[in-house]
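The values are calculated or read from the model by the stated rules, or taken from the named source; none is laboratory data. All figures in this text were calculated on a predicted structure; none of them were measured in a lab. Counting neighbours? That spans all protein chains shown, and the Cβs are built from the backbone with ideal geometry, glycine included. Heads up: the accessible areas ignore ligands, DNA and RNA and are worked out on the full protein's heavy atoms, side chains in. Shrake-Rupley method; radii C 1.70, N 1.55, O 1.52, S 1.80 Å.
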Amino acid sequence: MLNLRVRSIVNEAVGINSFELVDPLGDILPPFTAGAHIDVVIPGGLVRQYSLCNDPRERHRYVIAVLHVVNGRGGSRAMHADVRAGDDLTVSLPRSNFSLIEEAPRHLIIAGGIGATPLMAMIERLEVLEAEYVMHYCSRSPERTAFRDRLADLVEKGRVVYHHDDGDPAKGLRVADVMQKYEAGTHLYYCGPPGLMEAVGRESSRWPAGTVHSEYFAPPPTVWPLGSTRGVGDEFSVKVASSGDLFPVPLNQSIVEVLRAAGIDCETSCESGVCGTCRTRYLAGTPEHHDFVLDDNERETYVMICCARASSEVLVLDL
Ligand code: FES
């Protein structure tokens, strides 16, 4: 974990503040890649994940942007109400589950609202690479659109296109139209609210494997209620490879909960399958993946133990 100082807070749009975090002694910070996020320990003890939205070449600061969610769970409210310039915050090292495929010949980026944050770092990187890309940025109105100053030049060049819907999705981006323009070699990156994630996920389902990349802020409510990892699948057991110990995982507990009850330390953050913290290698068995982080290749090796179940009787973890 790092102790960083809030050097400045900028109101980027209605309800959205960005926070510039620096080392209190002016040291350089650990590097990050476009699409990475950090865990932030918020006053009151809550831990939330926020994407880094600044240029990954910058080593002197991390910048995050936070939308104040009025009926949220309290993290964004505390960030807006309780954090001031000069305060210190504890944050994790940057972690990435959402990576740019730098060698791709072209890139299609779809951002919805505060989902623009990881994608801002990506377009900074694409500009450095002089890559071919276009970013469609959906929001309710110009006043609710963060980073407009940073994006003005790219809007002028046609690389960033705004879509304001005034709260009526029918007036917003026609996802199907944009997705129909698929050309071989294009990679897609998207992040935004549930409706956008669902629409883009549906339209991209026929794209070639490995070309679609997304980041969820929270599990889709219709699929996986936030914070709920229970009541899915059958009972099974996890085996800890190093000790050979076998633990039953009942329907009402996650693997993490079972391991912790046995005194085994498990690092977690979101416990909802979206942050990537609990990634664990498995050696045998058939996991049922319920996360929103791992791609098909990674699922052959790793499992997110905060939310996964197993369809085999035993899942052997490389612990
Ligand atoms: Fe976030 Fe498991 S703790 S994915």
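Observations
- Check on G86, surrounded by fewer than 22 Cβ atoms within 10 Å (Cβ to Cβ) and within 18 Å of N11 (Cβ to Cβ): yes
- Check on V238, of a type in the set (V, I, T), in a strand (DSSP E or B) and either over 28 Å from F98 (Cβ atoms) or open to solvent by 30 Å² or more (accessible area, probe 1.4 Å) (or both): no
- In region 267-277 there is no residue matching the filter, namely being more than 14 Å from the ligand (Cβ to nearest atom) and small (G, A, S).
The rows are residues; the columns are (1) assigned to a loop (DSSP other than H, G, I, E, B); (2) closer than 23 Å to R140 by Cβ; (3) open to solvent by less than 10 Å² (accessible area, probe 1.4 Å).
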position	(1), (2), (3)
N11	no, yes, no
I28	yes, no, no
I38	no, no, yes
Q49	no, no, no
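- Per-region count, region 89-135, residues touching a Gly at 6+ places or on another chain (Cβ under 7 Å) and open to solvent by 10 Å² or more (accessible area, probe 1.4 Å): 9
- Hits in region 136-171 (condition: within 19 Å of G15 (Cα to Cα), part of a strand (DSSP E or B) and not aromatic (F, W, Y)): C138, S139, H163, H164
- Each residue in region 291-308 was checked for being more than 10 Å from the ligand (Cβ to nearest atom) and over 20 Å from R260 (Cα atoms), and 7 pass.
- Search result, residues across region 257-266 that are more than 12 Å from the ligand (Cβ to nearest atom), open to solvent by less than 20 Å² (accessible area, probe 1.4 Å) and out of contact with any Cys (no Cβ under 6 Å at 6 or more places or on another chain): V258
Table: residues versus (1) touching a residue at least 24 places away in the same chain (Cβ under 8 Å); (2) among the aliphatic types (A, V, I, L, M).
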{"site": "L4", "(1), (2)": "yes, yes"}
{"site": "G15", "(1), (2)": "yes, no"}
{"site": "V22", "(1), (2)": "yes, yes"}
{"site": "D27", "(1), (2)": "no, no"}
{"site": "A34", "(1), (2)": "yes, yes"}
{"site": "D39", "(1), (2)": "yes, no"}
{"site": "C53", "(1), (2)": "yes, no"}
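- Boolean, N54 is in a loop (DSSP other than H, G, I, E, B), modelled with pLDDT of 95 or more and either in contact with a Gly (Cβ under 6 Å, 6 or more places away or on another chain) or buried (at least 20 other Cβ atoms within 10 Å of the Cβ) (or both): yes
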